[in-house]
Amino acid sequence: MLASGAVAPSVDVVLNRNARRLLPQGGLLDTLAQVAVREGARVHETRDLDDLERAAADISTRGTEAVVLAGGDGSCMAGVSALVRAFAGTPLPAFALAPAGTVGTIARNIDARHRNAETVIRDACRGTTRKVLWPTLRVDDAEARRYVGFIFGCGLVQRFFEVYDASPRGVGAAASIAARVFVGSLIDSKLARQVLDPVACRVTVDGHMQPATSYSLVVASVVRDVGIGFRVTYRAGEENERFHVVASGLPPKSLGFQVPRVLAGRPLQGEPRIDTLASSLRVDFAGDDGAYVLDGELVQARWVNVIAGPVLKLLVAP
């Protein structure tokens, strides 16, 4: 309930109908919509990117104090990207992330209390949250696409998601694949080579091209846990204008031995290696089959450029 004399904030709730837990009619979808309406929020259900662009345009035209994005990591990235475009040149509203997807890595990093989606919506509508400033990544690629997100990766990140997307999805499935890759790296398994073999590419950090010509891992992130407890980017979030870049060119077996360090949030070892805060990152792939992952979404591109994105006001638990 609102405190006596308090005024409820203007809130819009975007429900991604393609998010795993919102796919079936009824269930959580109906629950979240009913909570939002009961709390006085405007509800936008989206089924594709065109729906999302229309919702973002409507929100920017009407104006709002806060937008709750309900879905998974990809929903969060797509929603923030669409709203940044829609609000171009004007101040962005605050954002709240309501986890309703498969994993919810971004929401788990940002909201330490791990509130459920229903609670996130209710708290945003009642104004019982606090605002934190959070950096983002702006990602542009060879196909003239522009996104705003939180976790960028290529090399093993891209190949991991290729395997993951072909499997039953969820935290358990992701952890199972990671375990098989780790154990396989010690015995040189086919799966380990498929995921961990270095990718031919050139990496440029803050305008300086790095000497290595292939990398097994390239990650840029503004959150520390990039998924299933892997704290690769242990310095993420230290600065709003720079993000943490970590890259390694180690072969599969050597990279596999780094897993305990990553789980402990410690730096990778071995060369070639990049481990720095940066304001820009560019990856140029050697062939036409280059690809990267942004917040769980796999994207094909010959090259990709990452810079610091807008600093968002995020609503988190008090």
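Assess whether D289 counts as being within 29 Å of A179 (Cα to Cα), surrounded by 17 or more Cβ atoms within 10 Å (Cβ to Cβ) and among the acidic types (D, E).
It is false that D289 is within 29 Å of A179 (Cα to Cα), surrounded by 17 or more Cβ atoms within 10 Å (Cβ to Cβ) and among the acidic types (D, E).
Between G207, G256, which is at pLDDT below 95 and either open to solvent by 10 Å² or more (accessible area, probe 1.4 Å) or within 23 Å of Y164 (Cα to Cα) (or both)?
Details: G207 fails: at pLDDT below 95.
Every option except G256 fails the conditions.
Criterion first (of a type in the set (S, T, N, Q) and touching a strand residue (DSSP E or B) at 6+ places or on another chain (Cβ under 8 Å)) does S75 satisfy it?
Yes, satisfied.
Could you check, for segment 122-130, whether at least one of its residues is of a type in the set (K, R) and without any contact (Cβ under 8 Å) to a residue 60 or more places away in the chain?
No, segment 122-130 contains no residue that is of a type in the set (K, R) and without any contact (Cβ under 8 Å) to a residue 60 or more places away in the chain.
Quick check on segment 154-169: of everything there that is of a type in the set (D, E, K, R) and in a helix (DSSP H, G or I), which residue is least open to solvent (accessible area, probe 1.4 Å)?
Here the answer is R159.
Any residue at all in segment 59-82 that is crowded, with 19+ Cβ neighbours inside 10 Å, without any contact (Cβ under 8 Å) to a residue 40 or more places away in the chain and aliphatic (A, V, I, L, M)?
yes
If I ask for residues that are of a type in the set (D, E), touching a residue at least 24 places away in the same chain (Cβ under 8 Å) and either surrounded by fewer than 17 Cβ atoms within 10 Å (Cβ to Cβ) or within 28 Å of V299 (Cβ to Cβ) (or both), which ones from segment 33-58 would you list?
Selection gives E45, D48, E53.
Against the definition (farther than 25 Å from A301 by Cα, in contact with a Leu (Cβ under 9 Å, 6 or more places away or on another chain) and open to solvent by 60 Å² or more (accessible area, probe 1.4 Å)), how does Q269 come out, yes or no?
Taking the combined requirement at face value, the residue satisfies it.
If you go through segment 241-253 one residue at a time, how many are over 18 Å from L196 (Cα atoms) and surrounded by fewer than 16 Cβ atoms within 10 Å (Cβ to Cβ)?
1
Hey, could you check segment 302-318 for residues that are assigned to a strand (DSSP E or B) and among the β-branched types (V, I, T) and say which is nearest to G127 (Cα to Cα)?
Step by step, filter segment 302-318, then rank; the result is V316.
The values are calculated or read from the model by the stated rules, or taken from the named source; none is laboratory data. In this text, all values refer to a predicted model and were calculated from it rather than measured experimentally. Because the Cβ atoms are built from the backbone with ideal geometry, glycine has one as well, and the counts that use them run over all protein chains shown. Calculation scope for accessible area: heavy atoms of the full protein, side chains included, ligands and nucleic acids excluded. Shrake-Rupley method; radii C 1.70, N 1.55, O 1.52, S 1.80 Å.
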